[in-house]
Amino acid sequence: MKILVCISCVPDTTSKIAIDPSTSQISSQGLTYIVGPYDDYALSRAIELKESNGAEVIVLHVGGSESEALIRKCLALGADSAVRIDGNPISSTQIADAIVDYVKQNPVDLILMGKESIDYNSGIVHGLVAGALGYVHFNPVMHLDLAGNDLHVEVEIDGGKMEVSCALPAVLGCQEPIAEWKIPSMRGIMTARTKEISVLPLNPTDSVKLVKASIAETARRNKMIDAADAETLIDLLKTETNVL
């Protein structure tokens, strides 16, 4: 069995985010990057399945060479090999297309990724991938067991959760408590240095091109209303926000 774990490399949650005024994009100056926390859950569960079912775990990331240290960390945790699709994607569609192109040429049984990245929080890549490949898709998955060619998953839904059984292949978006985050061992770190990271080009025929990006400036006005003066607050909500 082959399990493909797709990871995102995102700014550390403790980083101070600044916008580059020349590009209207997040400035990478001084930022520390980490593997997306939800992707960490997906990778941890894949490694557990490797240990219990003898699966092969492949890590895939769409991005530049600056992400290779984080990919090495994934290998140190227990992934068998890694693929980096070299490029700077500008949309979820472009990332999904790159994953789909890879899987069509290198079939896998199960694709795991986080339910969303924590930078853009779009949470649609897994659905796009599953739709393009015709795979079963669930998100967000909180529990995953494997029995032969069948998956048993627990999916969060509005107001509760549901248990589902389905056949492979499948694409799953993962979240806690699907697995415990893992810490690389010294042996794993040393072994990761010799593991392969295949570098493939991002499809140059992709039709998505960034023409212009801008961030709207929003005038924010702070008004302090005394707790005893509820009528004034209600009047402001009616006249200035039209929410009532």
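The values are calculated or read from the model by the stated rules, or taken from the named source; none is laboratory data. Computed from a prediction, not measured in an experiment: that's the story for all the values here. Here Cβ is always computed from backbone atoms with ideal geometry, including for glycine, and neighbour counts include all displayed protein chains. Remember, those area values only see protein heavy atoms, side chains included, never the ligands or the DNA or RNA. Shrake-Rupley method; radii C 1.70, N 1.55, O 1.52, S 1.80 Å.
Couple of notes before you dig in:
- From the list Glu68, Glu56, the lone residue that is open to solvent by 50 Å² or more (accessible area, probe 1.4 Å) and within 17 Å of Leu200 (Cα to Cα) is Glu68.
- The stretch 104-133, residues that are surrounded by fewer than 19 Cβ atoms within 10 Å (Cβ to Cβ) and outside any loop (DSSP other than H, G, I, E, B): Lys104, Gln105, Gly127, Gly131, Ala132
- Top-ranked residue of the stretch 1-41 - restricted to ones that are surrounded by fewer than 21 Cβ atoms within 10 Å (Cβ to Cβ) and small (Gly, Ala, Ser), ranked as modelled with the lowest pLDDT: Ser24
- First in the stretch 165-194 and charged (D, E, K, R), second anywhere and modelled with pLDDT of 90 or more and open to solvent by less than 10 Å² (accessible area, probe 1.4 Å), Cβ under 6 Å, 6 or more apart: Lys182/Ser44
- The number of residues in the stretch 83-93 that are open to solvent by less than 20 Å² (accessible area, probe 1.4 Å) and under 16 Å from the mean Cα position of the chain (by Cα) comes to 3.
- Just one of the numbered conditions (1) free of Cβ contacts under 8 Å to residues at least 40 places away in the same chain; (2) closer than 21 Å to Ser8 by Cα; (3) open to solvent by 10 Å² or more (accessible area, probe 1.4 Å) is not true of Ala96: (3).
- Scanning the stretch 33-71 for residues that are under 11 Å from the mean Cα position of the chain (by Cα) and aromatic (Phe, Trp, Tyr) turns up Tyr38, Tyr41.
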